[in-house]
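The structure appears right after this line, and notes come after that.
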Amino acid sequence: MDATNRTPDRSGSRDQGLSTARNAEVRDSEVRDVPEAAARLAPSAGSADAAEVTDTADVFVVGAGPTGLLLAGDLAEAGLSVTLLERRADTTSNLTRALAVHARTLEQLDARGLADELVAGGHPIPRLRLFGEATLDPSRLTTRFPFVLITPQFEVERLLERRARKAGVVFRYDSEVLGLAQDEEGVTVKLRTADGIGSARAAYLVGTDGVRSTIREAVGLPFPGKSVIRSVILADVRLAEEPPSPFIVNATGEAFALIGSFGDGWYRVIGWNRHRQADDSAPADLDEVREVTRLALGTDYGMRDARWISRFHSDERQAPQYRVGRVFLAGDAAHVHSPAGGQGMNTGLQDAANLGWKLAAVLRGHSPESLLDSYQAERHPVGKSVLRSSGAILRLTLLHSAPGRAVRGIAARLINHLRPVSRRAIRTLSGIGISYPAGPGAHRLAGHRAPDLRLAGGGRLYERLREGKFVLVTPADEPTAPRPDDDRVIPATWDSGRRTALLIRPDGYIAWATDSTAPAERAAALRSALIRWTGAAPANG
């Protein structure tokens, strides 16, 4: 998916998507698949027909955070017209909450040609030490990125925005969505911009607009859950003394604190003090940050020069559906959870990687519209799992009683001494262990993440995935391959004698595999898989 390596084919997708966007007349009475009250525009916005449609696109992405930027870039590189709508007038900032990029997310960025640059400017952490006892060891992961990368979210956004702009995404800042209406052919949004009230229309819309998502509310989806912790302090500071590790975290019965190094002299501090619970709006200062750090870690390491201090609370919530008709949710608009484990931004980016290629396949006419239902089937369980795992870490952190802390110590020792427990924990946290349901009768590898396979000719799988296409990996002497003139599948061969054939999705998950060596059986299975997943067939099929 590297725009520098290819010229996107923009012909079919624009014609199909924009013809519906331009020609379909929107009337509230014709809305489909949306609760009646939610489908209509917000009362203050007026009727969907009241304002002239001033902008059209194949897809609107609402929200210019990491999730929206990755998704918009993927869609544009696939040859679609994409408009990114952002309520803020200016997103430039050097302040951010997220600071951890896990291995699976780095693999997804590698498939877009961005990972190496991000890693070069960040701070890789090969081991995580928790509560002074438990050690999680990403260095054991089978990946190019056997570590947690500590880097500020704005660096991730910078790379993703650069890529999206290069791919042709249209950015519209200072554009607030007031409401939406959808029918069988598209979605119309009512916008407030610096120029006044207007309407815009696209074939599909994705809300990546955060925990207070306007899009989620507009389609009538609830956001059930609860607040789990309040008055968490965040700060970026300098330290007079270097900590013993670039990433340390500990909890006592009264407080917890985390310090992570950005690698440039700045450190992120996250802390919570049981005895200083205040509203989010209450001011916080460096003395409070020092206090909570000393309570949890025994020292504040000579903390000074805070460039940012903030206070927030954390919820655990998840929308019951990630899709309503032609409207989708991704990232914090779909799920939000505790910061424990640093999985928030990572989960959102992987939502985007899952959805982007599916929208592109449908809009370009390569796949039926029903493919989009798999986004809910695959990503909703992942969001639920992240809520559970991050919630478990948080609850262990907040244990107050002596017996509770003893239980935490036992859990830490289990992680350290039981290899399967340790392996599962780091695979879950890193995202490497995520897999999707493959259905009955599928090969054991189907639905699982594809590692970065070495391919004949010296290439890597994730380099091939940069074109945003399926990759078919077969033995070097395999007689069947995709049509040479078909641009939906990239043929590749093993850099080994392995006989398994793999069809790998654009998001790096295995769609289909076979170990059969019978030529007729193998060819028939391959033909069926290619038609099902890509619409393409082998040359001799």
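The values are calculated or read from the model by the stated rules, or taken from the named source; none is laboratory data. Remember, it's a predicted structure, so these values are computed and weren't measured experimentally. With ideal geometry, Cβ positions are generated from the backbone for all residues, glycine too; neighbour counts draw on all protein chains shown.
The table for this structure:
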item	result
Test for Ser245: is it on the phi > 0 side of the Ramachandran plot, outside any helix (DSSP H, G or I) and touching a residue at least 24 places away in the same chain (Cβ under 8 Å)	no
Arg326 vs. criteria buried (at least 20 other Cβ atoms within 10 Å of the Cβ), closer than 30 Å to Pro66 by Cα and among the basic types (Lys, Arg)	yes
Selected residue [of a type outside the set (Phe, Trp, Tyr) and modelled with pLDDT under 95] from Arg112, Arg104, Arg140	Arg140
Selection status of Asp515, surrounded by 20 or more Cβ atoms within 10 Å (Cβ to Cβ) and either assigned by TED's automatic domain parsing to the domain that holds Tyr375 or charged (D, E, K, R) (or both)	no
Conditions (1) surrounded by fewer than 20 Cβ atoms within 10 Å (Cβ to Cβ); (2) closer than 24 Å to Ala111 by Cα; (3) of a type in the set (Lys, Arg); number of the one not met by Lys384	(2)
Residue in segment 172-186 that is closer than 28 Å to Gly122 by Cα, at pLDDT 95 or above and within 23 Å of the chain's Cα centre (by Cα) present	no
Residue check, Pro8 at pLDDT below 95 and either assigned by TED's automatic domain parsing to the domain that holds Val177 or on the phi < 0 side of the Ramachandran plot (or both)	yes
Meets criteria (at pLDDT below 85 and either surrounded by 21 or more Cβ atoms within 10 Å (Cβ to Cβ) or touching a strand residue (DSSP E or B) at 6+ places or on another chain (Cβ under 7 Å) (or both)) for Ala492	no
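Rundown of residues vs (1) among the β-branched types (Val, Ile, Thr); (2) under 24 Å from the mean Cα position of the chain (by Cα); (3) assigned by TED's automatic domain parsing to the domain that holds Lys469; (4) surrounded by fewer than 18 Cβ atoms within 10 Å (Cβ to Cβ), yes/no style:
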position	(1), (2), (3), (4)
Gly265	no, no, no, yes
Leu286	no, no, no, yes
Arg307	no, no, no, yes
Ala333	no, yes, no, no
Thr347	yes, yes, no, no
